[in-house]
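Novice: Right, I'll just put the structure down here and ask away after.
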Number of protein chains: 2
Amino acid sequence: MNEHNVTMEDTLALLLEGKKYASIRDVLTTMNPSDIAAVFSKMEEERLPLLFRLLPKELAAETFVEMEPESQEMLIRGFSDSELRDVLDELYIDDAVDIVEEMPANVVQRILSTAAPDMRKNINDLLRYPEDSAGSIMTTEYVSLRESMTVGDAITHIRRTGVDKETIYTCYVTSNRTLVGMVSVKTLLLAPDDEVAISDIMEQNVISVTTQTDKEEVAQMFQKYNFLAIPVVDGETRIVGIITFDDAMDVLESAATEDIEIMGGMTPSDKTYLRSTPFDLFKHRIPWLLLLMVSATFTGMILNVFEEKLQAVVVLTIFIPMLMDTGGNSGSQSSVTIIRAISLGEIEFTDLLKVIWKEIRTAVLCGCVVAVACFGKIMLVDRLIMNNNAVTPWVALTVCLTMVITVCVAKIIGCTLPMVAKKLGFDPAVMAAPFITTIVDAISLLVYFGISSLILFR
Amino acid sequence: MNEHNVTMEDTLALLLEGKKYASIRDVLTTMNPSDIAAVFSKMEEERLPLLFRLLPKELAAETFVEMEPESQEMLIRGFSDSELRDVLDELYIDDAVDIVEEMPANVVQRILSTAAPDMRKNINDLLRYPEDSAGSIMTTEYVSLRESMTVGDAITHIRRTGVDKETIYTCYVTSNRTLVGMVSVKTLLLAPDDEVAISDIMEQNVISVTTQTDKEEVAQMFQKYNFLAIPVVDGETRIVGIITFDDAMDVLESAATEDIEIMGGMTPSDKTYLRSTPFDLFKHRIPWLLLLMVSATFTGMILNVFEEKLQAVVVLTIFIPMLMDTGGNSGSQSSVTIIRAISLGEIEFTDLLKVIWKEIRTAVLCGCVVAVACFGKIMLVDRLIMNNNAVTPWVALTVCLTMVITVCVAKIIGCTLPMVAKKLGFDPAVMAAPFITTIVDAISLLVYFGISSLILFR
């Protein structure tokens with residue numbers, strides 16, 4: 001695939017130099033819009049306007065949608081008003097809104113003043129919905145039928161109006177704009193004859209979302225029900241738009257990426273890695289690094305307080321990294337599992353006690369096995385192989401008891417914090433590894449010194 | 001939503017007690033199969049067979065597909081042969097294969113012996129494809145057209161055969177089973193008249209996958225091209241099946257969950273959290289905990305070697321947790337970012353140098369800012385507020401220089417290891433936070449003692 005693209009951009013560059021415009025057009029029209037956009041993104045910027053003008057109108061608009069915002073902006077700035085209008089005419093409203101959201105103000109102004117009046121109104125309406133709402137990702141171009149139509153009427157209606165609709169496969173039946181039913185093209189085509197009334201074959205129990213529904217919740221519904229499209233209604237159950245499965249897939253993918261970024265201790269970014277500058281990456285990473293560095297102050301303070309004890313039994317220091325890492329890993333295992341389950345809608349706050357009870361049992365199993373293994377490791381590696389006589393069985397016992405308790409505490413904190421965060425309206429992903437590690441570090445040190453006081457400093 | 005379900009299961013239980021079977025049937029037929037399965041999963045097991053028999057045939061099969069494997073198995077064991085055959089008859093092949101893969105051997109045998117001969121053959125054929133291949137998730141029920149058909153012929157053909165097809169919206173044009181084109185129902189319906197030949201309106205440049213293509217790669221293609229379905233061909237470009245968008249969405253979701261689990265230091269699990277027993281969770285978590293605990297031996301060994309130095313300047317111990325955490329966090333930021341970009345197909349091994357160079361510049365920015373902040377924090381908190389006179393500016397300098405170097409090394413390791421893992425054929429997600437942390441811990445200690453030797457132990 002990649003090698004194919006490399007050849008393709010070289011070929012296009014050579015064809016351009018030789019002014020073989022007809023051949024370029026022929027080559028491009030065999031390709032898929034996503035692939036054309038990928039090839040374009042690797043070509044020199046000055047060549048884009050010429051290449052773009054060689055595409056047939058519809059393919060040009062489809063390719064435009066797939067391009068990176070920087071290239072879109074560059075092209076728009078080079079378009080004449082009529083070229084811009086041609087592209088806009090071919091766009092679906094939701095794609096137009098996505099593009100408008102990425103452009104600087106003066107480009108937005110030019111797009112809106114160039115667009116046809118009803119498109120301008122539609123774009124403005126959709127821009128008004130909150131960023132993460134169903135309203136912000138819906139399109140207003142859907143097929144609307146009436147109950148009184150027959151199957152034949154409906155098919156005629158689709159044939160007349162379908163060309164401008166984002167999907168024709170799911171049609172919505174309305175009465176005074178209120179959503180009363182749904183019928184698929186499959187049902188229409190498989191109907192016994194053309195005279196059957198829509199009201200007789202339509203699905204009346206239509207699952208819909210409101211303009212205010214969170215877009216991730218909508219995407220989860222696609223996952224659950226395998227819909228091609230879902231209708232969006234306003235406060236009075238009037239249909240105002242639809243969301244199609246491709247947009248839901250995009251939402252699911254960005255949501256997973258966002259979760260992963262936050263869990264990795266970064267603020268989420270819209271840009272892909274290769275498009276991000278080092279300064280972009282820096283901006284998304286430094287806040288968490290600073291926050292976590294400063295919160296590690298607590299571990300420093302604890303060590304400060306117990307400095308004398310450490311001086312007396314320096315050998316205790318040797319096991320601090322292992323205890324902290326094992327605690328951190330145990331906690332992050334639980335938090336990551338719970339964060340993902342929350343994201344997928346598998347568990348809710350009411351499951352908290354069930355979850356804690358499950359984690360406690362898991363933690364006891366994990367803690368005991370790790371502690372026993374650790375005791376063996378300490379006696380073998382640290383005492384025998386490294387020949388460190390300060391590592392007595394009592395020291396090993398102290399370390400292993402600390403480990404059991406740390407693993408249990410880490411898992412309880414790890415499962416509780418994400419659920420509490422969700423309940424309080426924060427993103428549970430914030431409570432992942434880096435954050436849990438910092439808390440667990442401090443706790444494991446306190447437990448460590450507490451147990452050493454009992455066992456070693458009697 | 002949830003409250004609605006709770007009421008629903010209570011209502012059904014009461015209706016069952018009152019033997020109001022007709023009403024139960026009426027209630028269930030207003031519901032979506034996924035929702036019925038969700039309600040069933042909350043009811044007492046003994047009631048399932050009776051409830052299930054109340055569902056109309058098609059709805060019963062659709063609900064069956066959405067149920068948990070345990071309930072499916074229980075139902076199958078209770079079915080008479082003819083009931084089992086009725087359910088199997090209504091299933092799409094890919095769903096039947098999914099179910100067969102989850103069942104114990106004796107249930108599989110019963111399913112295969114009960115299924116109609118051609119379904120049995122199809123199931124057996126599909127079971128033979130490798131687990132993660134396109135072949136294993138495809139279905140053989142697609143609409144196949146011939147080039148010589150007219151639009152009218154095609155629509156008639158769809159009307160006659162479409163009821164058993166997983167999707168009718170994308171039709172494949174074949175010649176001796178070889179894939180020669182594709183035409184959507186939208187194109188058919190919007191064709192100027194019924195006499196147009198399929199060969200004139202079909203898309204000839206069809207993107208397809210082979211039975212051996214990795215299923216995650218197929219899912220990424222849906223994401224990229226917004227397809228409803230993609231054809232699967234064998235070695236001789238004969239079409240053998242199709243994959244539909246809903247299966248691709250499932251693959252994308254499991255792939256993201258799997259990545260997240262591995263990144264959290266667990267072996268991936270097929271079961272949802274609430275269905276996993278503590279012992280299941282233990283089994284998936286303990287290998288990594290043990291591995292990471294044992295590999296923390298290196299940090300222990302390093303501290304062992306430098307024990308004397310620590311004894312001389314115990315204050316150095318105070319900053320070990322902070323240095324280790326900051327290093328771990330820096331490394332995991334990079335590794336998590338790169339792992340996700342690899343999963344989404346954004347970067348490949350050939351980008352390695354570009355990625356390293358970007359990470360180095362980011363690391364220098366992050367490292368310097370964190371180090372300067374850290375110097376201020378140490379002088380303010382540890383020296384002034386905690387009043388620890390052992391914390392000299394030279395100690396602070398040692399800590400901060402270590403921090404800059406650790407951040408840089410962590411980010412380089414964090415971005416390199418996932419890409420190398422991918423190149424070597426391992427899952428890049430293995431190289432996430434827990435693993436990177438362990439390596440970075442050891443390196444940060446070595447750097448720490450190296451720099452202290454230069455600055456403090458001259």
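The values are calculated or read from the model by the stated rules, or taken from the named source; none is laboratory data. Owing to the predicted nature of the structure, the values given are computational and were not obtained by experimental measurement. All Cβ positions, glycine included, derive from the backbone under ideal geometry; neighbour counts span all protein chains shown.
Novice: State yes or no: is A:Phe227 in a helix (DSSP H, G or I) and surrounded by 19 or more Cβ atoms within 10 Å (Cβ to Cβ)? Quick ask: steps written out before the conclusion?
Specialist: Values: in a helix (DSSP H, G or I): no; surrounded by 19 or more Cβ atoms within 10 Å (Cβ to Cβ): yes.
The answer is no for A:Phe227.
Novice: State yes or no: is A:Leu179 at the interface with chain B (Cβ under 9 Å from one of its Cβ atoms), over 17 Å from A:Leu126 (Cα atoms) and over 23 Å from the mean Cα position of the chain (by Cα)? Break it down into steps so the answer makes sense when it comes.
Specialist: Numbers: at the interface with chain B (Cβ under 9 Å from one of its Cβ atoms): no; over 17 Å from A:Leu126 (Cα atoms): yes; over 23 Å from the mean Cα position of the chain (by Cα): yes.
So A:Leu179 does not fit the description; no.
Novice: Let me ask you something else. Considering segment B:195-224 alone, what residues qualify as being of a type in the set (A, V, I, L, M, F, W, C) and farther than 18 Å from B:Val143 by Cα? Spell out how you get there, then give the answer.
Specialist: Residues of segment B:195-224 that are of a type in the set (A, V, I, L, M, F, W, C), as a first pass: B:196-198, B:201-202, B:206-207, B:209, B:218-219, B:221-222.
Residues satisfying the conditions are B:Val196, B:Val218, B:Ala219, B:Met221, B:Phe222.
Novice: In addition: Looking at segment A:124-137, is at least one residue outside any helix (DSSP H, G or I), within 14 Å of chain B (Cβ to nearest Cβ) and either touching a residue at least 60 places away in the same chain (Cβ under 8 Å) or under 25 Å from the mean Cα position of the chain (by Cα) (or both)? Steps first, please.
Specialist: Looking only at segment A:124-137, we keep the residues that are outside any helix (DSSP H, G or I), and these are A:128-133.
The next check asks that each one be within 14 Å of chain B (Cβ to nearest Cβ); those that pass are none.
No, segment A:124-137 contains no residue that is outside any helix (DSSP H, G or I), within 14 Å of chain B (Cβ to nearest Cβ) and either touching a residue at least 60 places away in the same chain (Cβ under 8 Å) or under 25 Å from the mean Cα position of the chain (by Cα) (or both).
Novice: Ok, one more. Within segment A:277-335, take every residue that is in a loop (DSSP other than H, G, I, E, B) and buried (at least 24 other Cβ atoms within 10 Å of the Cβ) and give me the one that is nearest to the chain's Cα centre (by Cα).
Specialist: By that ranking, first place goes to A:Ala296.
Novice: Still on this model: If only one of A:Ala60, A:Ala22 is small (Gly, Ala, Ser) and without any contact (Cβ under 8 Å) to a residue 12 or more places away in the chain, which one is it? Steps first, please.
Specialist: Details: A:Ala60 fails: without any contact (Cβ under 8 Å) to a residue 12 or more places away in the chain.
After ruling out the rest, the residue left standing is A:Ala22.
Novice: Okay, moving on. Among the residues of segment B:252-271, is there at least one that is of a type in the set (Ser, Thr, Tyr), under 22 Å from A:Phe245 (Cβ atoms) and assigned to a helix (DSSP H, G or I)?
Specialist: Of segment B:252-271, the ones of a type in the set (Ser, Thr, Tyr) are B:254, B:257, B:267, B:269.
With under 22 Å from A:Phe245 (Cβ atoms) added as a condition, the list becomes B:254, B:257.
Filter again for assigned to a helix (DSSP H, G or I), leaving B:254, B:257.
The answer is yes; a qualifying residue exists.
Novice: For segment B:427-458, which residues satisfy the criterion of being among the polar types (S, T, N, Q), surrounded by 24 or more Cβ atoms within 10 Å (Cβ to Cβ) and over 30 Å from the mean Cα position of the chain (by Cα)?
Specialist: Correct list: B:Ser444 only.
Novice: Then there's this: Return the pairs, sorted by first residue and then second, in which the second residue is in a strand (DSSP E or B), the first residue lies in segment A:238-258 and is farther than 21 Å from A:Asn122 by Cβ, the beta carbons are less than 8 Å apart, and the residues are 6+ apart or on different chains.
Specialist: From residues that are farther than 21 Å from A:Asn122 by Cβ, the pairs are A:Phe245/A:Ala229.
So that you can scan it fast, the table gives a plain yes or no per residue for (1) at positive phi; (2) surrounded by fewer than 17 Cβ atoms within 10 Å (Cβ to Cβ); (3) aliphatic (A, V, I, L, M); (4) touching a helix residue (DSSP H, G or I) at 6+ places or on another chain (Cβ under 6 Å):
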{"site": "A:Ile76", "(1), (2), (3), (4)": "no, no, yes, yes"}
{"site": "A:Asp81", "(1), (2), (3), (4)": "no, yes, no, yes"}
{"site": "A:Leu84", "(1), (2), (3), (4)": "no, no, yes, yes"}
{"site": "A:Tyr92", "(1), (2), (3), (4)": "no, no, no, no"}
{"site": "A:Ser113", "(1), (2), (3), (4)": "no, yes, no, no"}
{"site": "A:Arg128", "(1), (2), (3), (4)": "no, yes, no, no"}
{"site": "A:Glu131", "(1), (2), (3), (4)": "no, yes, no, no"}
{"site": "A:Ile137", "(1), (2), (3), (4)": "no, no, yes, yes"}
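Novice: Continuing with this model, one more query. State all residues of segment B:440-458 that are of a type in the set (A, V, I, L, M, F, W, C) and touching a residue at least 40 places away in the same chain (Cβ under 8 Å); if no residue qualifies, say none. Full working, then the answer.
Specialist: Initially, segment B:440-458 is screened for residues of a type in the set (A, V, I, L, M, F, W, C), giving B:440, B:442-443, B:445-447, B:449, B:451, B:454-457.
Passing the criteria: B:Val440, B:Ala442, B:Ile443, B:Leu445, B:Leu446, B:Val447, B:Phe449, B:Ile451, B:Ile455, B:Leu456, B:Phe457.
Novice: Taking the residues in segment A:115-126 that are within 19 Å of A:Ile242 (Cβ to Cβ) and among the aliphatic types (A, V, I, L, M) as candidates, determine which candidate is surrounded by the fewest Cβ atoms within 10 Å (Cβ to Cβ).
Specialist: It comes out as A:Met119.
Novice: Would you please list the contacts, defined by Cβ atoms under 8 Å and residues six or more apart or on different chains, that run from a residue in segment B:162-186 that is in contact (Cβ under 8 Å) with a residue 12 or more places away in the chain to a residue that is assigned to a loop (DSSP other than H, G, I, E, B) and among the small types (Gly, Ala, Ser)?
Specialist: Here the result reads B:Leu179/B:Ser208, each pair linking segment B:162-186 to a residue that is assigned to a loop (DSSP other than H, G, I, E, B) and among the small types (Gly, Ala, Ser).
Novice: Quick check: anything in segment B:422-436 more than 21 Å from B:Glu261 (Cβ to Cβ) and in contact (Cβ under 8 Å) with a residue 40 or more places away in the chain?
Specialist: Taking every residue of segment B:422-436 in turn, at least one turns out to be more than 21 Å from B:Glu261 (Cβ to Cβ) and in contact (Cβ under 8 Å) with a residue 40 or more places away in the chain.
Novice: Restricting to segment B:29-60, give me the number of residues that are more than 14 Å from every other protein chain (Cβ to nearest Cβ), within 24 Å of A:Glu203 (Cβ to Cβ) and surrounded by 13 or more Cβ atoms within 10 Å (Cβ to Cβ).
Specialist: 7
Novice: I'd like to verify a number: residues in segment B:277-292 that are at the interface with chain A (Cβ under 8 Å from one of its Cβ atoms) and within 26 Å of B:Ser332 (Cβ to Cβ), how many?
Specialist: Count: 8.
Novice: Further question: Among the aliphatic types (A, V, I, L, M), farther than 22 Å from B:Met324 by Cβ and facing chain B (nearest Cβ under 9 Å) - does that describe any residue in segment A:325-336? I'd like the intermediate steps shown before the answer.
Specialist: From segment A:325-336, those among the aliphatic types (A, V, I, L, M) are A:336; that's our starting set.
Next, only the ones that are farther than 22 Å from B:Met324 by Cβ stay: none.
Within segment A:325-336 (the criterion being among the aliphatic types (A, V, I, L, M), farther than 22 Å from B:Met324 by Cβ and facing chain B (nearest Cβ under 9 Å)), the answer is no, since none of the residues qualifies.
Novice: Within the group B:Ser276, B:Ser269, which residue is in contact with a helix residue (DSSP H, G or I) (Cβ under 6 Å, 6 or more places away or on another chain), polar (S, T, N, Q) and not assigned by TED's automatic domain parsing to the domain that holds B:Val209? Give the steps one after another, and end with the answer.
Specialist: Working: B:Ser276 fails: in contact with a helix residue (DSSP H, G or I) (Cβ under 6 Å, 6 or more places away or on another chain).
Just a single option satisfies the conditions, and that option is B:Ser269.
Novice: Is it fair to say B:Ser136 is small (Gly, Ala, Ser) and within 22 Å of B:Ser208 (Cβ to Cβ)?
Specialist: Numbers: small (Gly, Ala, Ser): yes; within 22 Å of B:Ser208 (Cβ to Cβ): yes.
Taking the combined requirement at face value, the residue satisfies it.
Novice: Residues being buried (at least 17 other Cβ atoms within 10 Å of the Cβ) and assigned to a strand (DSSP E or B): count how many of those fall in segment A:139-148.
Specialist: Result for segment A:139-148: 3.
Novice: Which of the residues belonging to segment A:293-308 are more than 7 Å from chain B (Cβ to nearest Cβ) and either aliphatic (A, V, I, L, M) or within 18 Å of B:Thr362 (Cβ to Cβ) (or both)?
Specialist: A:Ile302, A:Val305
Novice: Would you tally the residues in segment B:182-205 being outside any helix (DSSP H, G or I) and either loosely packed, with under 13 Cβ neighbours inside 10 Å or at the interface with chain A (Cβ under 10 Å from one of its Cβ atoms) (or both)? If you could, list the steps in order and put the result at the bottom.
Specialist: Filtering segment B:182-205 down to residues outside any helix (DSSP H, G or I) leaves B:182-184, B:191-197, B:202-205.
Then drop every residue that is not either loosely packed, with under 13 Cβ neighbours inside 10 Å or at the interface with chain A (Cβ under 10 Å from one of its Cβ atoms) (or both), which leaves B:184, B:191-193, B:195, B:203-205.
The qualifying residues number 8.
Novice: Sort through B:Asp441, B:Asp382 and tell me the only one that's among the charged types (D, E, K, R) and under 23 Å from A:Thr326 (Cβ atoms). Spell out how you get there, then give the answer.
Specialist: Details: B:Asp382 fails: under 23 Å from A:Thr326 (Cβ atoms).
Matching residue, one of B:Asp441, B:Asp382: B:Asp441.
Novice: Considering A:Asp95, A:Asp26, which residue is within 14 Å of another protein chain (Cβ to nearest Cβ), within 25 Å of the chain's Cα centre (by Cα) and either over 22 Å from A:Asp164 (Cβ atoms) or in a helix (DSSP H, G or I) (or both)? Reasoning before the result, please.
Specialist: Working: A:Asp26 fails: within 25 Å of the chain's Cα centre (by Cα).
After ruling out the rest, the residue left standing is A:Asp95.
Novice: Same structure again: If we keep just the residues of segment B:149-178 that are among the hydrophobic types (A, V, I, L, M, F, W, C) and in a loop (DSSP other than H, G, I, E, B), which is nearest to B:Pro192 (Cα to Cα)?
Specialist: Let us first name the residues in segment B:149-178 that are among the hydrophobic types (A, V, I, L, M, F, W, C), namely B:149, B:151, B:154-155, B:158, B:163, B:168, B:171, B:173.
Now restrict to residues that are in a loop (DSSP other than H, G, I, E, B): B:149, B:168.
On the way: B:Met149: 15, B:Ile168: 20 Å.
The extreme case among them is B:Met149.
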